[in-house]
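Trainee: First the structure, then my questions, so here it is.
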Amino acid sequence: MSKETFAFPPELIERLARARSVAVLTGAGISAESGVPTFRDPGGLWERFRPEELANVQAFLRNPDLVQRWYAYRRRLVREVEPNPGHYALVELERMVPDFTLITQNVDNLHRRAGSQRVVELHGNLLRSYCIDCGRPADEVDLEAAAEGKPARCPTCGGLIRPDVVWFGEMLPEEALAEAYAACERAEVFLSVGTSAVVYPAAGLPLEAKRAGAYVAEINLQPSAIADEMDALLLGKAGEILPALVAAVRQARNAG
C-alpha cells in the first residue's frame, strides 16, 4: 500500500509535527505483523495446555521444569521473527520528538531490537529472567537448562529462575506503570497501536492521556473497545500506516 493511500486527519499531522512530547502504546497487533505467534497458537506439546495453566506462580512452583521449557520454546519462536516497518517507523518518530515514550504490552523485545530507546515494558520482557529468591538477573543459558529435564536454578542461592514477565494474577511493575502514567500526563499526542483496549490498566492509558489534554489517535485493524473515545481512528496495518504517518509528519516539519 502506498503512502498516498492514506488520508490522515490534518490536525493529527499538525499536532505531531509540532509536538514536543509524544507517547505511544503498542499491543499484540504490531507484533502479529512480524509473525509473532501468541501463546494461544498451536505448538505441539503446548496444545494440551491453556496459557492460564502455565503463566502463573502456582503452576511454576508446582512444575518449574514444564513452565521453564514453555518459555524456552516461546523465546525460540520470538528469535525467528524480525521487527516490521511499524516498529522502525516508531524509532524514526522517536528521533523527531524531544520527549518520546513508547509504552508496550508486548514482551517480545522487538521494539528494542528495532532501535527504540525510551521503552516502558508494562508486561516485562521474554528474553530476561531472574531468581525468585534473591532477584539476581539470570543468563538465558540458565533457563535453557530446563530443556535438559531439570529446573534452572540460581548459581548464587539455588532459587528457581523465572522469566521476567507479568503472569496472570500479578500486578504490573510499579515503576513501569508510574512512568507510563507520567508520559500520559505530559503527552501532547498519544498513539494507541494494535491494542484491543480490554486489558486494564494498560487499556485506560489512552483515556488518561486524553483527560490530560492530549490528541489521541488509534491505529488498529478493527476498532478497539474505546475507539469511540478517540480523536482519530486509523484502520489498517500498523506496518503500513505508521511509516506513512511518520513520512507525512516529516514532510510537515520540513515545510514548517
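Trainee: What's the number of the only condition in (1) out of contact with any Leu (no Cβ under 9 Å at 6 or more places or on another chain); (2) farther than 16 Å from residue 101 by Cβ; (3) in the same structural domain as residue 31 (by TED's automatic domain parsing) that residue 222 fails to meet?
Mentor: (1)
Trainee: Here's something else I'd like to know. Can you pull out the residues in the stretch 210-241 that are closer than 18 Å to residue 14 by Cβ and touching a residue at least 60 places away in the same chain (Cβ under 8 Å)?
Mentor: 214, 215, 217, 231, 232, 234, 241
Trainee: Here is a follow-up. With respect to the numbered conditions (1) over 21 Å from residue 122 (Cα atoms); (2) at pLDDT 95 or above, which one is the sole condition not fulfilled by residue 91?
Mentor: The number of the failed condition is (1).
Trainee: Provide a single number: the residues in the stretch 19-44 that are part of a loop (DSSP other than H, G, I, E, B), over 13 Å from residue 221 (Cα atoms) and modelled with pLDDT of 85 or more.
Mentor: Of all residues in the stretch 19-44, those part of a loop (DSSP other than H, G, I, E, B) come to 19-20, 27, 33-43.
Next, from what is left, pick out any that are over 13 Å from residue 221 (Cα atoms): 19-20, 34-43.
Still in the running and modelled with pLDDT of 85 or more: 19-20, 34-36.
Residues meeting the conditions: 5.
Trainee: Further, regarding this structure: Return the pair list, or none, for Cβ contacts closer than 9 Å from residues in the stretch 145-157 that are assigned by TED's automatic domain parsing to the domain that holds residue 64 to residues that are loosely packed, with under 12 Cβ neighbours inside 10 Å and modelled with pLDDT of 85 or more, at least 6 apart or on different chains.
Mentor: 154/134; 156/134; 157/134
Trainee: Within the stretch 211-252, which residues are more than 24 Å from residue 185 (Cα to Cα) and either surrounded by 22 or more Cβ atoms within 10 Å (Cβ to Cβ) or in contact with a Lys or Arg (Cβ under 8 Å, 6 or more places away or on another chain) (or both)?
Mentor: Matches in the stretch 211-252: 221, 238, 241, 243, 244, 247, 248.
Trainee: Restricted to the stretch 76-111, and to residues that are of a type in the set (Val, Ile, Thr) and touching a strand residue (DSSP E or B) at 6+ places or on another chain (Cβ under 7 Å), which residue is surrounded by the most Cβ atoms within 10 Å (Cβ to Cβ)?
Mentor: Let us first name the residues in the stretch 76-111 that are of a type in the set (Val, Ile, Thr), namely 78, 81, 91, 97, 101, 103-104, 107.
Going one step further and asking which of them are touching a strand residue (DSSP E or B) at 6+ places or on another chain (Cβ under 7 Å), we end up with 78, 97, 101, 103-104, 107.
Values: 78: 20, 97: 20, 101: 22, 103: 26, 104: 31, 107: 24.
Of everything passing the filter in the stretch 76-111, 104 is surrounded by the most Cβ atoms within 10 Å (Cβ to Cβ).
Trainee: Inside the stretch 56-75, can you point out the residues that are buried (at least 19 other Cβ atoms within 10 Å of the Cβ) and polar (S, T, N, Q)?
Mentor: Correct list: 68 only.
The values are calculated or read from the model by the stated rules, or taken from the named source; none is laboratory data. In this text, all values refer to a predicted model and were calculated from it rather than measured experimentally. Neighbour counts run over all protein chains shown; Cβ positions are idealised from the backbone, glycine included.
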